[in-house]
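Below is one structure, written out as structure tokens; comments come after it.
The values are calculated or read from the model by the stated rules, or taken from the named source; none is laboratory data. Remember, it's a predicted structure, so these values are computed and weren't measured experimentally. In case anyone asks, the SASA skips ligands and DNA or RNA and just uses the protein heavy atoms, side chains included. Shrake-Rupley method; radii C 1.70, N 1.55, O 1.52, S 1.80 Å.
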Amino acid sequence: MLRRKPTRLELKLDDIEEFESTRKELESRKKQREEVDGVGANEEEGAIGLSNDHKSREQMINDRIGYKPQPKPSNRSSQFGSFEF
């Protein structure tokens, strides 16, 4: 395999300006989301929302990995079947 010399990258003024504008745009979007989330939420709604978000997040993960939880049986006969001695 042939080894080549490292390519020199030059940082141009246009690249810096593009980066700064993109960063400011993302920050403004983040501030808007925070304002929208903070306006209509009181403590009770927030607690309910967190529990629902947690459940839906857990459900999304289970769906993604293909896990389908089954309820555990409560008595021994359902665990081991019916054995006759």
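What single numbered condition from (1) modelled with pLDDT under 85; (2) part of a loop (DSSP other than H, G, I, E, B) fails to hold for residue 9?
(1)
Taking residue 28 as the residue in question, decide whether it is of a type in the set (Gly, Ala, Ser), open to solvent by less than 100 Å² (accessible area, probe 1.4 Å) and at pLDDT 70 or above.
yes
Might you check whether a residue that is of a type in the set (Phe, Trp, Tyr), modelled with pLDDT under 70 and open to solvent by 100 Å² or more (accessible area, probe 1.4 Å) occurs anywhere in region 59-70?
The answer is no; no qualifying residue exists.
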